[in-house]
Amino acid sequence: MDIKQRTQIYNNLCSFARKCIYSILSVATLPNHIAFIMDGNRRYSKQHNLVDGEGHKVGYSSLMSMLRYCYELGVKYVTVYAFSIENFKRSPEEVRSLMDLMEEKIEGLIKEESLVNQYGVRVHFAGNLKLLSKPVRLAAERAMKATAKNSKAVLTICIAYTSTDEILHAVEECCEEKRDDVKVSNDGKYEKDVINVVDIERHMYMAVAPDPDIIIRTSGETRLSNFLLWQSSNCLLCTQSVLWPEIGFRHLVRAILEFQHKLHMYMAVAPDPDIIIRTSGETRLSNFLLWQSGNCLLCTQSVLWPEIGFRHLVRAILEFQHKLYYLNKQKQT
């Protein structure tokens with residue numbers, strides 16, 4: 001048996017093992033959106049005495065592996081922090097080297113046999129793309145155009161990005177859009193609520209994806225480093241002590257298990273409900289407390305929610321007490 005055959009057998013065994021783990025993870029809620037802060041490529045190069053830039057190439061291989069695992073699991077949205085606006089402050093030689101590497105890898109994304117086409121992934125670049133060199137910007141535009149019809153998943157690559165720049169950009173876009181709608185009252189004051197949160201979020205670079213469920217950061221850092229500050233208020237920040245090129249399947253599984261545990265804990269703070277009251281005459285639970293409502297009373301009120309009053313609550317409690325009395329009597333007999 002030659003090396004090629006052994007490698008094929010090993011890869012098949014690994015694929016089978018991953019599928020078994022995916023089946024176990026799928027029993028609980030899976031994250032819809034995972035974001036990665038890819039930290040530690042330069043430190044990896046120094047630790048392994050690699051030539052400048054080689055750490056980023058190894059990091060790219062790790063990224064492809066993470067993307068494969070996520071898409072195999074069924075995670076629809078993946079976001080990666082590839083290049084911060086702050087990174088432009090590095091030496092011109094390093095920035096130029098990174099731009100060349102980005103152009104090469106972006107071009108690779110749109111090849112027919114690439115991972116994004118294999119899994120039907122639409123590629124989106126988020127950030128101030130005007131700051132990029134022309135070859136990289138054109139490559140990014142070609143990648144977005146080439147994958148525009150892919151609809152199974154979305155890969156967002158944050159490049160020339162910071163959250164503060166994103167928020168500033170969104171506010172400026174809103175002001176430009178709403179400029180003609182601003183009205184001045186008789187006392188010289190501007191009308192309130194011309195721009196709201198929905199308007200700002202619509203103009204965010206990250207408007208193509210929902211807020212992340214998990215942000216995974218390598219190298220042991222617990223900072224967000226100006227990444228998805230607006231979108232991360234309710235997500236899990238999972239810190240891995242390894243450097244980005246060293247990240248593997250086990251780290252992703254650990255993050256998902258932590259996410260599922262935290263999600264379970266949100267509902268573990270209270271016992272199962274005794275009564276669920278729904279207004280508007282509907283008798284559906286609408287995907288609400290399905291796990292916890294097996295033995296509770298669903299009390300439907302025909303009024304709309306703004307019309308509900310004290311009498312409706314009393315009626316629901318009396319119905320609950322009647323049912324409880326009837327059940328207890330049945331048990332005694």
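Apply the Karplus parameterisation 6.51 cos²θ - 1.76 cosθ + 1.60, with θ equal to phi minus 60°, to every residue of region 149-160 and state each ³J(HN,Hα) to the nearest whole Hz, in sequence, with x for glycine and proline.
8, 6, 9, 7, 7, 10, 10, 9, 9, 7, 9, 6
Per residue, how much accessible area does the chain have with a 1.4 Å probe, in Å²? Provide the component values of the computation, followed by the final result.
Working: 20400 Å² over 333 residues.
Averaged over the residues of the chain, the accessible area is 61 Å².
For the chain, give the percent of accessible area contributed by carbon and sulfur heavy atoms, probe 1.4 Å, rounded to a whole number.
Numbers: 11000 of 20400 Å².
Summing carbon and sulfur atoms, their accessible area is 54 percent of the total for the chain.
Beyond 19 Å, what share of the Cα-Cα pairs of region 275-331 is found? Please give it as a whole percent.
On the way: 568 of 1596 pairs.
When all Cα pairs of region 275-331 are counted, 36 percent exceed 19 Å.
For helix 310-332, what angle does its Cα long axis make with the longest principal axis of the chain, in degrees from 0 to 90 and rounded to 10?
80
Taking H as built 1.01 Å from N, whose amide H comes closer than 5 Å to the amide H of I214, not counting residues under 5 places away?
Excluding prolines and chain starts, which carry no amide H, the hits are H33, A35, L236.
Whole-Hz Karplus ³J(HN,Hα) for region 299-309, in order, using 6.51 cos²θ - 1.76 cosθ + 1.60 and θ = phi - 60°, x for Gly and Pro?
In residue order, the calculated couplings are 9, 9, 10, 6, 6, 7, 4, x, 9, 5, x Hz.
With θ set to phi - 60° and the Karplus curve 6.51 cos²θ - 1.76 cosθ + 1.60, what are the ³J(HN,Hα) couplings of region 107-123 in order, to the nearest whole Hz, using x for Gly and Pro?
4, x, 5, 9, 5, 4, 8, 5, 4, 5, 6, 4, 9, x, 9, 8, 9
Just to confirm my numbers, what's the Cα centroid distance between region 24-60 and region 223-274 in Å?
16
I'm spelling it out carefully: the read-out is percent of Cα pairs over 33 Å apart, the candidates are [x] 26; [y] 36; [z] 45, and one was derived from this structure. Which label?
Among [x] 26; [y] 36; [z] 45, the one calculated here is [z].
Counting only the heavy atoms of the protein chains, how much of S151 is accessible to a 1.4 Å probe, in Å² to the nearest 10?
Its heavy atoms expose roughly 90 Å² to the probe.
Taking the full set of protein chains and a 1.4 angstrom probe, give the accessible area of T222 in square angstrom, rounded to the nearest 10.
Solvent-accessible area, nearest 10 Å²: 100 Å².
Compare Y22, Y161, Y71 in a GNM of the chain, Cα atoms joined below 10 Å, and give the one with the largest fluctuation.
Looking only at Y22, Y161, Y71, the largest GNM fluctuation is found for Y22.
Could you list, in their original order, any pairs among K111/K149; K19/K76; K111/K145; K76/K111; K57/K149 whose Cα atoms are separated by more than 19 Å? Don't skip to the answer; put the middle values down first.
On the way: K111/K149 15 Å; K19/K76 17 Å; K111/K145 13 Å; K76/K111 21 Å; K57/K149 28 Å.
Correct reply: K76/K111; K57/K149.
The values are calculated or read from the model by the stated rules, or taken from the named source; none is laboratory data. Everything numeric in this text was worked out from a predicted model, so none of it was measured. The accessibility values were calculated without ligands, DNA or RNA, using every heavy atom of the protein model including side chains. Shrake-Rupley method; radii C 1.70, N 1.55, O 1.52, S 1.80 Å.
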